[in-house]
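**Q** First, the structure itself, so that you have it in front of you.
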Amino acid sequence: MITNTQSGTNIHEVAEGIYRINTPLDIPGGGFSFNQYLVVDDEPLLFHTGPRRLFLLVREAVANVLPPERLRWISFSHVEADECGSLNEWLAVAPAAQPLCGTIAAMVSIGDLADREPRALANGETLTTGKRTMRWFDAPHVPHGWECGFLGEESTKTLFCGDLFTQPGPGTEPLTESDILGPSEAFRHAMDYYSDTRRARPVFDALAAFAPHTLAVMHGSAWRGDGSALIRQLGDALGA
């Protein structure tokens, strides 16, 4: 569904009750995209806020599924404009909402930047949002940021994997079973955004052990298939 014809912002269900919000950007080099993910439950969750300038577009998309003021959790991988740039705008819209992030992000940034106290998750810690259980994975410097981490939804085995598998282009296909490792590796070689791969293998092993069926990628198409195998292939490609 196109939710804004001017920007091309759109929303599609990529796993049961999990919606990908995509805004394509027309920039040199073939374009780019920003994705957010809305998880419907008793306590709805938004993973990635999008940059502050996209807030109205993302809010409009969320409103096609549920009232934005119902949001309970605003989560993200690490501190960066496209991850949490509009965090305070979301907290203003949703009076019961709370930032949800890793302990390092809460300690060094979000405890000060956010207008509401964050709920910090330790590595492996879970949080119940109603019928769903969310699990946090610490991923320092993978691909970047000391505070980086990812969230896994256990009932659908969806991994909200942030900047992993970043693909160039507008992300036209909401969910694919085609190759995303090749395009993401080509993008990485052209613009290396990984800060440290030497100690990344334990992170990839933990993510692979989660055995995700859906990879909720931030830039480009979400992916469905044997997530464990694909994550291990990424680790091999990085030499981790």
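**Q** In the neighborhood of GLU173, defined by Cβ-to-Cβ distances under 15 Å, what is the net charge if each Lys or Arg adds +1 and each Asp or Glu adds -1? All intermediate terms of the calculation are to be shown ahead of the outcome.
**A** Working: positive: ARG20, ARG224; negative: GLU13, GLU177, ASP179.
Result for the local shell: -1.
**Q** Then there is this: For the chain, what does -39500 (n - 2.57) per DSSP helix run (n ≥ 4), summed and divided by total residues, give at 222 nm, in deg cm²/dmol to the nearest 500? Display every interim value, and only then the final one.
**A** Details: 6 runs with 50 residues, N = 240.
After summing the helix terms and dividing by the residues of the chain, the value is -5500 deg cm²/dmol.
**Q** Pop a pseudo-label 7 angstrom from the Cα along the beta-carbon direction at both ASP42 and ASP115 and give the gap in nm to one decimal.
**A** Reported label-point gap for ASP42 and ASP115 is 2.8 nm.
**Q** Dividing the convex hull volume of the alpha carbon atoms of segment 1-126 by its residue count, what do you get in Å³ per residue? Can you show the working numbers first?
**A** Values: hull volume 14.9 nm³, N = 126.
That works out to 119 Å³ per residue.
**Q** Give me the net charge of HIS141's neighbourhood, meaning all other residues with Cβ under 11 Å from the Cβ of HIS141; Lys, Arg count +1, Asp, Glu -1.
**A** Values: positive: ARG198, ARG199; negative: ASP138, GLU147, ASP196.
With Lys, Arg at +1 and Asp, Glu at -1, the neighbours total -1.
**Q** Hey, what D do you get for the chain in µm²/s if you plug the Kirkwood alpha-carbon radius into Stokes-Einstein at 20 °C and 1.002 mPa s?
**A** Values: Rh = 17.5 Å.
Translational diffusion coefficient: 123 µm²/s.
**Q** Ok, one more. Just subtract the alpha-carbon distance of ALA211 and MET107 from 0.36 nm times their residue separation and send over the number in nm, one decimal. Mind showing how you got there, number by number?
**A** Values: separation 104, 0.36 × 104 = 37.44 nm, distance 2.94 nm.
So the chain would gain 34.5 nm between ALA211 and MET107.
**Q** Calculated FRET efficiency, LYS157 and LEU25, Cβ-Cβ r, R0 25 Å, to nearest 0.05?
**A** Numbers: r = 30 Å, r/R0 = 1.18.
FRET efficiency, LYS157 to LEU25: 0.25.
**Q** If you don't mind, another one. Evaluate the distance, in nm, between pseudo-label points positioned 7 Å from the Cα of HIS12 and of HIS189 along their respective Cα→Cβ axes.
**A** 2.7
**Q** For GLY111, what charge total do you get from the other residues with a beta carbon under 14 Å from its beta carbon, if Lys and Arg give +1 and Asp and Glu give -1? Walk me through the numbers before you get to the answer.
**A** On the way: positive: ARG116, ARG119; negative: ASP112, ASP115, GLU117, GLU147.
For residues surrounding GLY111, the net value is -2.
**Q** Additional query: So how much slack lies between ASN64 and ASP196, counting 0.36 nm per residue of separation and subtracting their Cα-Cα distance, in nm?
**A** On the way: separation 132, 0.36 × 132 = 47.52 nm, distance 3.91 nm.
43.6 nm is the gain from fully extending ASN64 to ASP196.
**Q** Name all residues of segment 128-166 having a backbone nitrogen under 15 Å from the label point set 7 Å from the Cα of ARG224 along its Cα→Cβ direction, giving them as ranges.
**A** What the label zone holds, given the 15 Å backbone N cut-off, is 156-159.
Bear in mind that the values in this text are calculations on the coordinates, not laboratory data. Keep in mind the model is a prediction, meaning the values are calculated, not measured. Counting neighbours? That spans all protein chains shown, and the Cβs are built from the backbone with ideal geometry, glycine included.
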